[in-house]
Amino acid sequence: MKTLKLLNYARDSWVAGEGSLAEIRSAVSGDVVAQTGSAGVDFKAMLDHARRVGGPALRKLTFHERAWMLKDVANAIMARKEELYELSFETGATRSDGWIDIEGGAGTLFSFSSKGRRELPNQRVLIDGQMEMLSKGGTFVGQHVFTPLQGVAVHINAFNFPVWGMLEKLGPTLLAGVPAIVKPASSTAYLAEAAFRIMIEAGVLPDGALQFIAGSTGDLLDHLTLQDVVSFTGSAATAMKLQSHPVIAKESVRFVAERDSLNASILGPDAGPGTPEFDLFVKEVAREMTVKAGQKCTAIRRAMAPAEYIDAVEQALAERLASVRIGDPREEGVQMGALASREQLASVREAIAELARSARIVAGDPDISPVAGNGAFISPILLRSDNPWNAPAIHDVEAFGPVSTIMPYRDLDDAIALANRGMGSLALSLFTFDPEAAERFVLGSGAYHGRMLILDRTSARESTGHGSPLPVLVHGGPGRAGGGEEMGGIRGVTHYMQRTALQGSPDMLAAIVKQWLPGAAKQEGEVHPFRKRIAELDIGYTLKTAGRQVNLEDIERFARFTGDNFYAHMDEEAARANPIFDGRVAHGYLILSFAAGLFVDPAPGPVLANYGLENLRFQTPVYPGDTIRVELTVKSMSVRNAEMGEVRWAVFVFNQKGEVVASYDLLTMNEP
Ligand code: NAP
């Protein structure tokens with residue numbers, strides 16, 4: 001392979017680093033595959049460019065426009081994925097390891113794109129939670145909102161997933177409307193650069209939205225401000241160094257850290273040999289050790305089993321690991337490739353030596369390379385500690401390779417304490433079919449772990465496994481794991497935004513958030529709102545219906561028709577005995593049906609379908625003889641595509657005294 005010269009992407013141009021460049025070697029052959037360097041790059045100018053050009057351009061777009069952009073970028077990566085697989089082999093990754101990185105990365109962007117379009121408004125301000133009533137008269141209210149930070153997201157990434165690690169951060173960042181500067185880890189930067197290049201060449205991102213550093217970050221951190229975010233993935237030592245940078249401390253720069261993690265997996269007390277959970281546990285521990293040669297932040301480093309089953313676990317695991325085929329990741333049938341570099345191999349061997357001082361190696365030999373040549377190959381190494389409370393290294397030293405330690409526990413409390421001894425982890429898995437044990441574990445251990453997988457025979461077939469961070473679930477963990485959170489659906493987007501509590505009148509706040517708020521003005525018009533397309537509707541446009549009396553015969557007919565003969569509707573004496581009612585009341589569903597009968601305009605038109613109700617509350621009972629009427633108000637609108645969009649209607653049903661008897665959001669699909 002020809003040696004690649006990696007370039008920086010600064011101020012919308014590709015620039016080479018000056019002076020002597022660092023060499024990056026193939027994990028498989030040991031040959032030089034790339035040269036990298038960022039000397040001479042003006043980091044302050046990069047930050048200024050992102051702030052002056054990229055940020056404003058991104059903030060001009062709505063969440064939906066940014067979400068479509070993510071989809072285009074993900075499609076561009078998928079269209080050129082084979083170029084990336086080719087480079088991925090050089091990092092030691094097999095095709096299936098590469099799939100997690102490349103297609104998993106694109107999948108993460110697709111997921112953020114689709115969530116952005118379904119769960120975020122087609123606006124620039126994001127509402128957070130319900131309006132808060134701050135005054136008796138209702139003229140002064142509060143509403144939390146999120147707006148994008150006006151700085152730069154600096155992404156400093158680890159070497160293990162050069163594509164996914166970059167995209168899982170870029171998805172939420174760009175969706176939030178914040179430009180980013182990506183600094184990949186040097187040892188696999190050639191793969192990150194290739195993926196980055198594809199994103200730029202897709203031509204869908206505004207100028208200044210993305211920049212790339214192929215080498216050291218120079219004086220970049222010296223120029224950060226309160227509007228910037230550093231999202232770091234890597235070792236605890238580097239995280240601590242960066243986090244204590246004086247500018248980061250002084251400016252309160254947001255610092256999201258994903259660091260080391262001594263993830264645990266626990267075989268439940270009920271899951272002895274012969275149970276499906278036992279087999280699942282063995283399979284998962286072996287899988288986590290060997291996928292990506294164990295270079296996964298979430299890989300199982302500590303596997304715990306009841307003392308009486310530990311021998312069986314050791315035997316089953318050793319057998320499974322012995323059959324793993326290690327070799328050139330390009331070769332058919334190879335299950336485990338190499339570590340990312342010879343340096344990584346040296347550091348894994350060093351960590352194993354430390355672990356081996358308090359645990360014994362029961363499978364594999366760290367000093368014998370399973371593949372001849374200059375590659376960074378190592379066989380899976382299983383250690384065993386029979387006295388885990390006297391072996392601090394197994395809870396503190398992370399060998400970032402195919403390395404795991406098995407250990408026995410006495411009872412569930414002991415297992416919980418051992419799991420928590422990792423001092424904070426990204427992921428824990430528990431293999432049990434006993435919900436009581438699982439509940440005890442979650443209560444005893446939840447505070448120490450960012451994600452918990454409880455695996456049993458029911459979920460095993462469809463489970464995504466112990467080690468897969470998912471775009472819709474929070475990725476991160478407390479303590480040693482860095483205390484950060486990434487992804488987690490829309491939560492991940494808000495990490496790049498500022499939450500502000502707005503106070504003011506309902507009308508004022510509604511105008512800002514582009515959503516009708518309780519107490520804001522309602523406008524009525526000649527035309528029924530169901531006769532208007534989305535483009536013709538205004539927020540606050542309201543239909544006030546005529547009244548309709550609800551009588552006993554309606555209630556009885558509804559009961560007969562639906563079969564809902566609940567005593568509160570049908571038995572006067574029993575209803576009176578109920579502490580809530582003063583006699584028979586109308587069914588809540590009857591009120592909803594009558595409400596629809598009052599506000600619906602029946603002829604074919606721009607309303608295509610009713611697709612749900614949200615936040616439904618029955619607030620006041622409706623008694624025979626009461627008269628109800630409805631106010632239907634356009635709360636918010638969001639166009640999905642050329643054919644349709646969603647209209648959210650605030651519906652209030654009143655009785656003759658003006659009391660609200662029911663309130664809810666009605667969702668309809670309308671022509672745009
Ligand atoms: P690392 O040495 O800490 O490097 C991480 C990143 O920081 C790299 O991009 C590195 O760039 C950069 N860096 C190092 N020193 C820097 C400095 N002074 N200023 C700015 N940037 C600096 O970690 P690693 O060896 O690449 O990664 C392995 C570790 O990452 C493992 O311990 C693993 O637990 C952790 N990890 C955690 C997660 C997670 O999600 N929690 C995921 C993956 C890995 P260079 O490569 O150019 O030095």
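Of note:
- Over the chain: helical MRE at 222 nm, DSSP H runs n ≥ 4 each giving -39500 (n - 2.57), nearest 500: -9500 deg cm²/dmol
- Under Karplus coefficients 6.51, -1.76 and 1.60, residue-wise ³J(HN,Hα) of region 103-116 in Hz, glycine/proline x: 6, x, x, 4, x, 5, 5, 4, 5, 5, 5, 6, 5, x
- Between Asn390 and Lys2, the contour length at 0.36 nm per residue exceeds the alpha carbon distance by 134.6 nm.
- When the Cα positions of Pro206, Phe140, Asn157 are compared along the charge dipole of region 131-237, Phe140 comes out farthest toward the positive end, with charges on each C-beta of Lys, Arg, Asp and Glu.
- Taking 10 °C and 1.306 mPa s as conditions, region 514-670 diffuses translationally at an estimated 95 µm²/s according to Stokes-Einstein applied to its Kirkwood radius (Cα pairs).
- Only the Cβ atoms of Lys and Arg (+1) and of Asp and Glu (-1) were treated as charged; on that basis the dipole of the chain about its Cα centre amounts to roughly 1460 debye.
- Overall form of region 554-621 per C-alpha gyration tensor (a/c, 1.5; a/b vs b/c): prolate
- For Val152, distant residues with modelled amide H under 5 Å away: Asp228, Val229
- Placing unit charges on the Cβ atoms only, positive for Lys and Arg and negative for Asp and Glu, gives region 514-670 a dipole magnitude near 440 debye about its Cα centre.
- Based on protein heavy atoms only, region 263-469 ends up with 40 Å² per residue of surface accessible to a 1.4 Å probe.
- For region 572-661, the set of trypsin sites (Lys or Arg not before Pro) satisfying both a DSSP loop assignment and a count of at most 13 other C-beta atoms within 10 Å is given as Lys657.
- Shape index of region 585-634: Rg/Rh, with Rg the Cα radius of gyration and Rh the Kirkwood radius from the inverse mean 1/r over Cα pairs, equals 0.99.
- Dipole of the chain, positive direction: furthest Cα of Ser404, Gly234, Ala520, with charges on the beta-carbon: Ala520
- Counting charges near Gly107 (Lys, Arg +1; Asp, Glu -1) among other residues having Cβ under 12 Å from its Cβ returns a value of -1.
- Here region 263-469 carries DSSP beta bridges of which approximately 10% are antiparallel, counting only pairs with both residues inside.
- Residue among Ser463, Ile368, Tyr448 farthest towards the positive dipole end of region 263-469, charges placed on Cβ: Ile368
- Integer Hz, Karplus 6.51/-1.76/1.60 couplings in order for region 662-671, x for Gly and Pro: 8, 9, 6, 9, 9, 10, 10, 9, 10, 5
- Overall form of region 1-115 per C-alpha gyration tensor (a/c, 1.5; a/b vs b/c): oblate
- For region 335-387, the set of trypsin sites (Lys or Arg not before Pro) satisfying both a DSSP loop assignment and a count of at most 15 other C-beta atoms within 10 Å is given as Arg357.
- In sequence order, calculated HN-Hα J values of region 601-614 (Karplus, 6.51, -1.76, 1.60; Hz; x Gly/Pro): 9, x, 5, x, x, x, 7, 9, 6, 9, 10, x, 10, 10
- Restricting the calculation to alpha carbons of the chain gives Rg and Dmax of 29.6, 93 angstrom.
- Region 44-124: relative contact order in percent, alpha carbon pairs under 8 Å with at least 6 residues between: 51
- Annotation: amide H-H contacts under 5 Å for Thr233 (H modelled 1.01 Å from N, sequence separation of 5 or more, or interchain): Ile156, Asn157, Ala158, Glu258.
- Whether region 263-469 is rounded, prolate or oblate, judged on the alpha carbon gyration tensor where a/c under 1.5 counts as rounded: prolate
- Electrostatic tally near Met669: other residues with Cβ closer than 10 Å to its Cβ, Lys and Arg +1, Asp and Glu -1, net -2.
- Rounded tilt (10° steps) of 552-562 against the dominant C-alpha axis of the chain: 40
- Full extension of the chain segment joining Glu659 with Ala603 gains 17.1 nm, where the gain is 0.36 nm per residue of separation less the Cα-Cα distance.
- Subtracting the Cα-Cα distance of Asp365 and Glu18 from their residue separation scaled by 0.36 nm leaves 120.7 nm.
- Among residues other than Ala340 with Cβ under 13 Å from its Cβ, the summed charge is 0 (Lys and Arg +1, Asp and Glu -1).
The values are calculated or read from the model by the stated rules, or taken from the named source; none is laboratory data. Bear in mind the structure is a predicted one, so any value in this text is a computation, not a measurement. Note: ideal-geometry Cβ built from the backbone for every residue, glycine included; neighbour counts use all protein chains shown. All accessible areas refer to the heavy atoms of the entire protein, side chains included, with ligands and DNA or RNA removed. Shrake-Rupley method; radii C 1.70, N 1.55, O 1.52, S 1.80 Å.
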